[in-house]
Amino acid sequence: MMSILLVIGLVVGFGVGYMIPGLTPPVTPPDDYDVITDRGTIIVGTNSGWPPFEMLNTTTDELYGFDIDLAELVADYIGVTVEWVDMDFDALIGACQAGSIDMIASATFITAARCEVLQPLCWYIRTNEVVVVKANSTLTISSLDDLVGYTVGAQTGTTEDEELSEIAGVDLVRYPLVETMFQDLNAGALDAVYVDEPIVALYSTVYSIKIIFTVTAPPTAFYIRYGSDRLSAAINSAIAEGFADGSVDALIAQWFG
Amino acid sequence: MQGPFGLFDILVLILIRGLPMTLALTLLSLLVGFLVGLLLALVRVYAPYGLNYIAIGYEKIFRGIPLLVLIFIFGAALLRYFIWTGSLANALFFAAMLSLALRSAAYQSEIFRGAIMSVDAGQMMAAKSIGMNTFQATRNIILPQALRLSLPGWANEYAVVIKDTSLASAIGISDLIYQAQAFTWDYPAQFLPIILIVAIIYFVFTYPVTRYLGESMTLKLRQLGLGGGR
């Protein structure tokens with residue numbers, strides 16, 4: 001009897017909660033561009049620990065990196081300041097859709113799946129994705145399909161994760177942190193690791209590793225919600241002008257030099 | 001990428017930058033969880049028929065959702081509803097605190113319910129026989145004994161919450177784990193020492209509380225004639 005009441009209560013409660021948004025009259029949400037300029041800040045989500053795109057400077061306790069500088073450049077163009085939110089990479093896309101953050105600046109590749117839910121902006125760099133093994137490994141591959149039967153690590157929610165998930169037979173291990181992934185590679189728990197090339201440079205100073213296969217990655221871009229053509233136009237102009245006057249190239253030279 | 005700091009500097013920097021946030025999250029969420037949890041426990045034990053299902057439903061829901069999922073719900077999906085806290089940093093902190101507190105309230109309510117029910121039923125009858133009403137009896141007779149009885153269980157809840165605050169780093173709360181991770185990126189060769197430093201910090205802040213509240217207080221309860229066992 002009691003459990004039946006509980007179930008009924010839950011069903012009615014969730015049911016009413018589900019109906020409530022439909023009962024209130026629809027309001028046109030204000031344009032994101034106006035929201036941001038009125039607020040005077042643009043809330044940008046990133047996921048630090050991805051050198052040289054975004055890192056936390058342990059000397060100053062502040063975020064720094066290529067994406068950080070580029071997002072500040074965009075914010076300057078619009079005339080606002082940046083408020084950073086540093087959250088898990090998997091949560092960024094949901095947070096941007098929900099309106100918790102205005103823009104994603106986290107070395108995010110342009111993929112079809114992401115474009116369905118978020119609007120990519122003018123792309124600004126193309127990097128490589130690489131398969132990395134221990135220096136003494138004898139593994140050689142000529143395509144990603146050759147990884148079938150091997151234990152391979154990738155960061156959760158990344159394009160590398162998606163690409164490997166589509167190949168049946170690869171024993172894919174997903175890591176929230178790149179650090180632990182390289183630890184496991186070094187310990188021999190993984191045969192290979194599939195990551196963005198720029199971050200390999202950092203770990204090659206600690207572990208003896210080598211790159212055995214390189215794929216040109218999709219272009220990297222910032223993302224915003226769909227719905228504000230003025231915001232996307234402003235950010236795209238900021239990046240285009242940055243390329244035109246050489247300031248983006250200067251940043252690329254500074255961080256990837 | 002090797003920075004200028006030695007291991008001891010790293011320990012101090014992690015403490016200075018991370019510890020305040022970890023302790024603030026722990027204490028605030030335990031406090032809010034205590035108030036909500038005690039209310040839920042009282043509702044479950046004393047409320048008239050029907051009302052207690054609200055408390056039961058609450059406990060079932062919040063004990064059944066992983067904390068990381070709660071943190072993503074409040075901190076990533078619903079963050080804009082907390083902007084009234086004044087700034088983005090406050091909103092993120094509030095979201096993390098709320099996730100921890102709501103989850104802790106569900107657990108604490110079970111702790112207090114067990115403690116209230118382990119106070120002999122005769123105490124309530126005796127209190128009413130000398131003219132107290134239910135509220136007075138609960139406030140003056142039952143709760144003072146029940147809260148003492150709940151201390152060992154509550155110390156355990158403290159130990160759980162202080163360590164679970166580490167999940168708040170998933171939305172960028174600058175706690176011990178968030179800082180430690182940043183240092184492991186700059187000092188990848190020192191990964192194990194840095195993680196061990198954090199393990200020791202958490203232990204140092206957990207052990208005295210569980211030792212005092214959880215164990216010494218149990219002895220004292222026996223001297224007061226409360227609780228069974230020996």
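The values are calculated or read from the model by the stated rules, or taken from the named source; none is laboratory data. Since this is a predicted model, take the numbers as computed values, not measurements. Heads up, the Cβs are rebuilt from the backbone with ideal geometry, glycines too, and the neighbour counts pull from every protein chain shown.
Test B:Val209 against the criterion of being of a type in the set (Val, Ile, Thr), surrounded by fewer than 22 Cβ atoms within 10 Å (Cβ to Cβ) and closer than 30 Å to A:Asp184 by Cβ, and give yes or no. Considered against the rule, which asks whether it is of a type in the set (Val, Ile, Thr), surrounded by fewer than 22 Cβ atoms within 10 Å (Cβ to Cβ) and closer than 30 Å to A:Asp184 by Cβ, B:Val209 comes out as no. The residues of segment A:166-214 that are within 14 Å of another protein chain (Cβ to nearest Cβ) and among the acidic types (Asp, Glu), listed by number, are A:Glu179, A:Asp184.
The number of residues in segment A:220-242 being surrounded by 15 or more Cβ atoms within 10 Å (Cβ to Cβ) and not in a helix (DSSP H, G or I) comes to 7. If you scan segment A:174-193, which residues turn out to be of a type outside the set (A, V, I, L, M, F, W, C) and touching a residue at least 40 places away in the same chain (Cβ under 8 Å)? A:Pro176, A:Glu179, A:Asn186, A:Gly188, A:Asp191 - these are the residues of segment A:174-193 that are of a type outside the set (A, V, I, L, M, F, W, C) and touching a residue at least 40 places away in the same chain (Cβ under 8 Å). Does B:Leu23 satisfy the criteria of being surrounded by 23 or more Cβ atoms within 10 Å (Cβ to Cβ), in a helix (DSSP H, G or I) and more than 9 Å from chain A (Cβ to nearest Cβ)? So B:Leu23 fails the test. The single residue among B:Leu213, B:Leu167 that is within 15 Å of the chain's Cα centre (by Cα), within 14 Å of chain A (Cβ to nearest Cβ) and either under 29 Å from B:Ile16 (Cβ atoms) or hydrophobic (A, V, I, L, M, F, W, C) (or both) turns out to be B:Leu167. Within segment B:58-87, the residues that satisfy the criterion of being free of Cβ contacts under 8 Å to residues at least 12 places away in the same chain, of a type outside the set (Ser, Thr, Tyr) and away from every other protein chain (no Cβ under 12 Å) are B:Pro66, B:Trp84, B:Gly86. Give me the pairs, please: first residue somewhere in segment A:206-218 and β-branched (Val, Ile, Thr), second residue anywhere and surrounded by fewer than 16 Cβ atoms within 10 Å (Cβ to Cβ) and assigned to a strand (DSSP E or B), beta-carbon distance under 9 Å, and either six or more positions apart or on two chains. If the second residue must be surrounded by fewer than 16 Cβ atoms within 10 Å (Cβ to Cβ) and assigned to a strand (DSSP E or B), the pairs left are A:Ile211/A:Asn128; A:Thr214/A:Asn128; A:Val215/A:Asn128; A:Thr216/A:Asn128.
Every residue, every condition in (1) within 14 Å of chain A (Cβ to nearest Cβ); (2) out of contact with any helix residue (DSSP H, G or I) (no Cβ under 7 Å at 6 or more places or on another chain); (3) under 18 Å from B:Leu39 (Cα atoms); (4) among the charged types (D, E, K, R), yes or no:
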residue: B:Ile56; (1), (2), (3), (4): yes, no, yes, no
residue: B:Asn90; (1), (2), (3), (4): yes, yes, no, no
residue: B:Ala101; (1), (2), (3), (4): no, no, yes, no
residue: B:Gln108; (1), (2), (3), (4): no, no, yes, no
residue: B:Val119; (1), (2), (3), (4): no, no, yes, no
residue: B:Lys128; (1), (2), (3), (4): no, no, no, yes
residue: B:Leu143; (1), (2), (3), (4): no, yes, yes, no
residue: B:Ala159; (1), (2), (3), (4): no, no, no, no
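The one condition from (1) out of contact with any Ser or Thr (no Cβ under 7 Å at 6 or more places or on another chain); (2) more than 14 Å from chain A (Cβ to nearest Cβ) that B:Pro188 does not meet is (2). Within the option set A:Ala240, A:Ala168, A:Ala201, being closer than 28 Å to B:Phe183 by Cβ, of a type in the set (A, V, I, L, M, F, W, C) and in contact (Cβ under 8 Å) with a residue 12 or more places away in the chain holds for one residue only, A:Ala201. Consider A:Thr156 carefully, then state whether it is within 19 Å of A:Arg114 (Cα to Cα), touching a helix residue (DSSP H, G or I) at 6+ places or on another chain (Cβ under 6 Å) and of a type in the set (Ser, Thr, Tyr). For A:Thr156, the condition - within 19 Å of A:Arg114 (Cα to Cα), touching a helix residue (DSSP H, G or I) at 6+ places or on another chain (Cβ under 6 Å) and of a type in the set (Ser, Thr, Tyr) - is met. Tallying residues that are modelled with pLDDT of 90 or more, among the polar types (S, T, N, Q) and touching a strand residue (DSSP E or B) at 6+ places or on another chain (Cβ under 6 Å) within segment A:157-178 yields 0.
In segment A:82-122, what residues are among the charged types (D, E, K, R), crowded, with 20+ Cβ neighbours inside 10 Å and more than 13 Å from the chain's Cα centre (by Cα)? Answer for segment A:82-122, where residues must be among the charged types (D, E, K, R), crowded, with 20+ Cβ neighbours inside 10 Å and more than 13 Å from the chain's Cα centre (by Cα): just A:Asp102. For segment A:131-144, the count of residues that are within 14 Å of the chain's Cα centre (by Cα) and either assigned by TED's automatic domain parsing to the domain that holds A:Thr205 or polar (S, T, N, Q) (or both) is zero. Restricting attention to segment A:87-122, the residues that are among the acidic types (Asp, Glu), in a helix (DSSP H, G or I) and within 18 Å of A:Thr156 (Cα to Cα) add up to 1.
Count, please, the residues in segment B:143-193 that happen to be assigned to a loop (DSSP other than H, G, I, E, B) and surrounded by 23 or more Cβ atoms within 10 Å (Cβ to Cβ). Talk me through it step by step, then tell me what you get.
Keep residues of segment B:143-193 that are assigned to a loop (DSSP other than H, G, I, E, B), which gives B:150, B:172-175, B:187.
Now restrict to residues that are surrounded by 23 or more Cβ atoms within 10 Å (Cβ to Cβ): B:150, B:172-173, B:175.
Residues meeting the conditions: 4.
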